[in-house]
Amino acid sequence: MCKVVRFAAAARLRRLSTAIPGPCKVQKRGTDILHDPWFNKDTGFPLTERDRLGLRGLLPPRVISFEHQYDRFMNSYRSLEKNTRGQSDKFVSLSKWRILNRLHDRNEILYYRVLIDNIKEFAPIIYTPTVGLVCENYSGLFRRPRGMYFSAKDKGEMMSMIYNWPSDQVDMIVLTDGSRILGLGDLGVQGIGIPIGKLDMYVAAAGINPRKILPVMLDVGTNNQKLLEDPLYLGVRQPRWEGEAYLSIVDEFMEAVHTRWPKAIVQFEDFQMKWAFETLKRYRERFCMFNDDIQGTAGVALAGLLGTVRSQGRPLSDFLKQKIVVVGAGSAGLGVLSMAVQAVSRMSGGSETAANSQFFLIDKDGLVTTERSNLDPAAVPFAKNPRDLEGLSEGASVIEVVKKVKPHVLLGLSGVGGVFNAEVLKAMRESVSTKPAIFAMSNPTMNAECTAIEAFSHAGENIVFASGSPFENVDLGNGEVGHVNQANNMYLFPGIGLGTLLSGARHITDGMLRAAAECLASYMTDEDVQKGILYPSIDCIRDVTAEVGAAVVHAAVAEKQAEGHGDVGFKELANMSKEETVEYVRGNMWYPEYCPLVHEK
Ligand SMILES: NC(=O)c1ccc[n+]([C@@H]2O[C@H](COP(=O)([O-])OP(=O)(O)OC[C@H]3O[C@@H](n4cnc5c(N)ncnc54)[C@H](O)[C@@H]3O)[C@@H](O)[C@H]2O)c1
Ligand SMILES: O=C(O)C[C@H](O)C(=O)O
Ligand SMILES: [Mg+2]
């Protein structure tokens, strides 16, 4: 359950008691307005507005209310569902994505209202997992551009190109180079679907004004041979730029963005590991940015790990005793480990070190130890010393490690579907935990380490289960339900972005990220957690984001990072109670409703 009534319902009530939204200025007239999805109201333009804006005669005469337009869309959506019954999942998902995308391209206010009010149903279409399918098929699906594309061919031009974007103010940018799209690998320019999906979640969950978002693709080529040979491929047809040439492109983009919008926040998304870590190190002190796969994922996973301790009825301090096996030593797995190790270190007064602690790291070559030749520097802190291992050695397989360690938690961020096979899951029955936890966090659905049904049927009914992509709850056949949690960074990145924006911080610190994770960890009640419900329902995402955003603002104030936003300065932020900060954040969330349009020359 959400802590407050569903946000949409609350906003609707608020609207009833408040005046009509203020006017919006528009520099266009006539058909130019109808073709601009930001201003277009379709048949919803009142007659007086049609007169003012030169729209008379350009629309059928009847004026349709917003509510009626909303219902008409939902009816078409339901008809589509009926008409596609029996078709392949892929066909159905893409059909649903198309109808939503078409609405976006026509009428953004209606699109975002439909999305916010039906977020549980539509998130899997506009975000994970369908967004993966959209990226794979992007060149064929492409109709209209969304966002900006900076390519290797634009070197030297970015400082002026950035002014081609029509909006004066941009608050939130999601940037990808398409090199590691979900678990699907290098999809080149087709990866633009990910920034678009993430930013739709920013609008839906954090209420960032869609006029102030910017999805960006940095196209430095692709190493995906199939795409390079595809005549329909829309990206630059060359192998990826590497080394200094690559970094100089990202540098130029970051400089250009911050010249035009000095306080814009840039979320790095789905970069291959080497560039994910390198760019985070390179920019985090210079710009307001974070890497969602490393830092957002870490916070969501840490919240889940703390939840598993509570689900066992143990105090949080027992986190120090939990044995946790992480499968996948990429940007996400290493991000999770480093945040978890920091938490352990804080709890134990700094006495724990990563390598001899309770964590075990496995990559494609098995258990990671100090004996590994060419050990990735980022993995060094988590490599086990073979002397500390009894009965396990360098490169031990997942099944060998699980059998030997009997972990409390088995967490997958490998990008490989089925790695938690029946044998591995059955071995989790021997876990030392009363509630063994299985986190199959890789995306999209086909890349999950196991499905929910596999987890409950092989590992037992007393497990806690979480996955990165959504799965249905599992009917355990005895009147009980195996609860499926969605451990996805969508529970944190919107709050990290919104909290940073409203605090006016110039950097996103570890303290702000920790506050976000701790806030999510404490969101659920003990009663829910003991039933195995570690994360809130996605229906509550605006409420969660308000709380997470407030926690980020508080941390930014405490660390003297906050400079304030708009009329609200550091002092006002510092004087707000926790509840007032949550209300402040909630009150700054944009909500889609038609505003009266006023023509301005
Ligand atoms: N749920 C979430 O919120 C979330 C967040 C971030 C990433 N992810 C998912 O996590 C996955 C990995 O992302 P990443 O950025 O870390 O990727 P990455 O490519 O940087 O790392 C993948 C890691 O998995 C390891 N691996 C590959 N095959 C393996 C196997 N058979 N057994 C064990 N390990 C194996 C690789 O050695 C590598 O260490 C992706 O599917 C991504 O979608 C999920
Ligand atoms: O995009 C998601 O659903 C989560 C995460 O950022 C990922 O890369 O898988
Ligand atoms: Mg990602």
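The values are calculated or read from the model by the stated rules, or taken from the named source; none is laboratory data. Since the model is a prediction, treat every value here as computed from it, not as a measurement. Positions of Cβ are backbone-derived with ideal geometry, glycine not excepted, and every protein chain shown enters the neighbour counts.
Of the helices (runs of 4 or more DSSP H) lying entirely inside the stretch 43-154, those carrying at least 1 residues that are of a type in the set (D, E) and more than 16 Å from ligand 2 (Cβ to nearest atom) are 47-52, 66-83, 89-106, 108-117, 119-126.
The C-beta contact set for the stretch 178-197 (first residue closer than 21 Å to R98 by Cα and within 12 Å of ligand 2 (Cβ to nearest atom), second residue polar (S, T, N, Q) and modelled with pLDDT of 95 or more, distance under 6 angstrom, 6+ apart or interchain) comprises L182/N443; G191/T176; I194/T176; P195/T176.
Evaluate the stretch 504-511: report whether one residue or more is buried (at least 22 other Cβ atoms within 10 Å of the Cβ) and on the phi < 0 side of the Ramachandran plot. Yes: the stretch 504-511 contains one or more residues that are buried (at least 22 other Cβ atoms within 10 Å of the Cβ) and on the phi < 0 side of the Ramachandran plot. Restricting the search to the stretch 542-601, which residues are more than 17 Å from Y202 (Cβ to Cβ), in contact with a Cys (Cβ under 8 Å, 6 or more places away or on another chain) and in contact (Cβ under 8 Å) with a residue 60 or more places away in the chain? Within the stretch 542-601, C595, P596, L597, V598 meet the criteria.
Check M148, M74 and return the single one that is surrounded by fewer than 17 Cβ atoms within 10 Å (Cβ to Cβ) and of a type in the set (A, V, I, L, M).
Working: M148 fails: surrounded by fewer than 17 Cβ atoms within 10 Å (Cβ to Cβ).
None of the others qualify; the one that does is M74.
One residue alone among L520, L501, L534 is part of a helix (DSSP H, G or I), under 30 Å from A459 (Cβ atoms) and in contact with an Asp or Glu (Cβ under 9 Å, 6 or more places away or on another chain), and that residue is L520.
Residues in the stretch 559-589 that are surrounded by fewer than 16 Cβ atoms within 10 Å (Cβ to Cβ) and either outside any helix (DSSP H, G or I) or at positive phi (or both): K560, E563, G566, D567, G569, S577.
Is there a residue in the stretch 89-97 that is touching a Ser or Thr at 6+ places or on another chain (Cβ under 8 Å), surrounded by fewer than 21 Cβ atoms within 10 Å (Cβ to Cβ) and aromatic (F, W, Y)? Checked the stretch 89-97: at least one residue is touching a Ser or Thr at 6+ places or on another chain (Cβ under 8 Å), surrounded by fewer than 21 Cβ atoms within 10 Å (Cβ to Cβ) and aromatic (F, W, Y). Counting the residues of the stretch 251-275 that are within 29 Å of N209 (Cβ to Cβ) and touching a residue at least 60 places away in the same chain (Cβ under 8 Å) gives 17. Every listed requirement among (1) within 16 Å of ligand 1 (Cβ to nearest atom); (2) without any contact (Cβ under 8 Å) to a residue 40 or more places away in the chain; (3) buried (at least 16 other Cβ atoms within 10 Å of the Cβ) is met by G328 save one, (2). May I ask you to verify whether S442 is within 16 Å of ligand 2 (Cβ to nearest atom) and small (G, A, S)? Here the answer is yes, as S442 does meet what is asked. Being more than 16 Å from ligand 3 (Cβ to nearest atom), modelled with pLDDT under 95 and not charged (D, E, K, R) holds for only one residue in A396, A455, A378, A427, and it is A378. Can you work out which of the residues in the stretch 37-70 that are surrounded by 14 or more Cβ atoms within 10 Å (Cβ to Cβ) and among the acidic types (D, E) is nearest to I213 (Cα to Cα)? Residue satisfying both the conditions and the ranking: D42.
Check P470, P436 and return the single one that is under 17 Å from the mean Cα position of the chain (by Cα) and either crowded, with 24+ Cβ neighbours inside 10 Å or within 12 Å of ligand 1 (Cβ to nearest atom) (or both). Working first, answer last.
Numbers: P436 fails: under 17 Å from the mean Cα position of the chain (by Cα).
Of P470, P436, the one residue that is under 17 Å from the mean Cα position of the chain (by Cα) and either crowded, with 24+ Cβ neighbours inside 10 Å or within 12 Å of ligand 1 (Cβ to nearest atom) (or both) is P470.
Scanning the stretch 458-490 for residues being more than 16 Å from ligand 3 (Cβ to nearest atom) and either at negative phi or at pLDDT 95 or above (or both) gives a total of 22. Does V419 fit the bill of being buried (at least 18 other Cβ atoms within 10 Å of the Cβ), assigned by the TED database to the domain that holds E461, part of a helix (DSSP H, G or I) and modelled with pLDDT of 95 or more? Against the criterion (buried (at least 18 other Cβ atoms within 10 Å of the Cβ), assigned by the TED database to the domain that holds E461, part of a helix (DSSP H, G or I) and modelled with pLDDT of 95 or more), V419 does not qualify.
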